[in-house]
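Below: one structure, written as structure tokens.
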Ligand code: SF4
Ligand code: SF4
């Protein structure tokens, strides 16, 4: 990767609005860094957060906190737009009226074993890109040097690979890879798929982050009237969040890019049409009744 490509990546990353300019790291680069309880800046990074969340981060945290995805999103996340077309992203929501993470404790991270990907990587950042002439995405790393972080002055030196392993990001990267590919594909598809509609952004949000609501959607009569999901697959989706997340990401590729993933029932189109017609009739009838009620009121007032 050259400097120009790196610059494009940074402009497309969550660092774009940050005054901190990361520097590019080669894959085998050495990292001088160590964070431990006795550093003078203990918790400084968690006191002023800007942590984007991946779908797998949400799964891990909601499981740990024993809450539904909807409850988690409401209490611990804030939405942001990942691109100019409004691709929905979420970040950790700080404490009310402040900038500190809600999970910060005097001893450190209160959800350490399930902390998000960005927290594991810090002060390294993972960037993903796909060039228009390539079919696969590529990863790059960047070092973020913030003045308050004194871990850079510690004497521990290791490669990025060793650091990733130490922080347990392998599993997070593996489970987050399909989603990162989807995000990069949506960004790079640009005009080819046109401006995403609000409905496609809502579907992207639900399948990516609100897994429990997506489960209810997948189990709904209208979904099952449209798509033919084998019973054993449906049983897995009902019971297993990770399987449902994988299914959701493939379903998004189906819905957004026309990559065939689920079978449509042969009469799905007719049924959809019939449902829409019935809905339109109901709305027409409701509007008529409302008009009649208004005229009745007017008539009684006139007499
Ligand atoms: S989740 Fe943990 S590591 Fe991440 S910002 Fe919050 S307290 Fe810090
Ligand atoms: S060394 Fe850096 S990462 Fe560790 S507590 Fe201090 S600011 Fe946070």
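The values are calculated or read from the model by the stated rules, or taken from the named source; none is laboratory data. Just so it is clear, the structure is predicted and the values come from calculations on it, not from any experiment. Positions of Cβ are generated from backbone atoms using ideal geometry, with glycine treated the same way; all protein chains shown enter the neighbour counts.
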Inset, instruction - Would you check which residues across the stretch 31-64 are more than 11 Å from ligand 1 (Cβ to nearest atom), part of a helix (DSSP H, G or I) and touching a strand residue (DSSP E or B) at 6+ places or on another chain (Cβ under 8 Å) and list them? - result: 58
Inset, instruction - Please work out if residue 70 is assigned to a loop (DSSP other than H, G, I, E, B), surrounded by fewer than 18 Cβ atoms within 10 Å (Cβ to Cβ) and in contact with a helix residue (DSSP H, G or I) (Cβ under 7 Å, 6 or more places away or on another chain). - result: no
Inset, instruction - With a cut-off of at least 2 residues that are surrounded by 13 or more Cβ atoms within 10 Å (Cβ to Cβ) and under 26 Å from the mean Cα position of the chain (by Cα), name the helices (runs of 4 or more DSSP H) lying wholly within the stretch 186-303. - result: 198-209, 211-219, 221-226, 231-239, 241-257
Inset, instruction - List every residue pair whose Cβ atoms lie under 8 Å apart, where the two residues are 6 or more positions apart in sequence or sit on different chains, the first residue falls within the stretch 42-57 and is over 30 Å from residue 241 (Cβ atoms), and the second residue, located anywhere, is within 16 Å of ligand 2 (Cβ to nearest atom) and in a loop (DSSP other than H, G, I, E, B). - result: 43/106; 44/148; 44/149; 47/99; 47/100; 48/99; 48/100
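Mind checking whether some residue in the stretch 149-170 is modelled with pLDDT of 85 or more, part of a loop (DSSP other than H, G, I, E, B), at positive phi and within 16 Å of ligand 1 (Cβ to nearest atom)?
Residues of the stretch 149-170 modelled with pLDDT of 85 or more: 149-170.
So of that shortlist, the ones also part of a loop (DSSP other than H, G, I, E, B) come out as 149, 154-156, 167-168.
Checking the rest, the ones that are also at positive phi come to 168.
Right, trim to within 16 Å of ligand 1 (Cβ to nearest atom) and you get 168.
Yes - at least one qualifying residue is present in the stretch 149-170.
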Inset, instruction - Check residue 112 against each of (1) surrounded by 18 or more Cβ atoms within 10 Å (Cβ to Cβ); (2) over 16 Å from residue 54 (Cβ atoms) and name the one condition it does not meet. - result: (1)
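Considering only residues that are more than 10 Å from ligand 1 (Cβ to nearest atom) and loosely packed, with under 15 Cβ neighbours inside 10 Å, which ones fall in the stretch 87-109? Steps first, please.
Initial filter on the stretch 87-109 (more than 10 Å from ligand 1 (Cβ to nearest atom)): 87-91, 93, 95-99, 106-107.
Within the stretch 87-109, 95, 96, 97, 98, 99, 106, 107 meet the criteria.
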Legend entry - All positions within the stretch 83-111 that are under 20 Å from the mean Cα position of the chain (by Cα) and outside any strand (DSSP E or B): 83, 84, 85, 86, 87, 93, 102, 103, 111
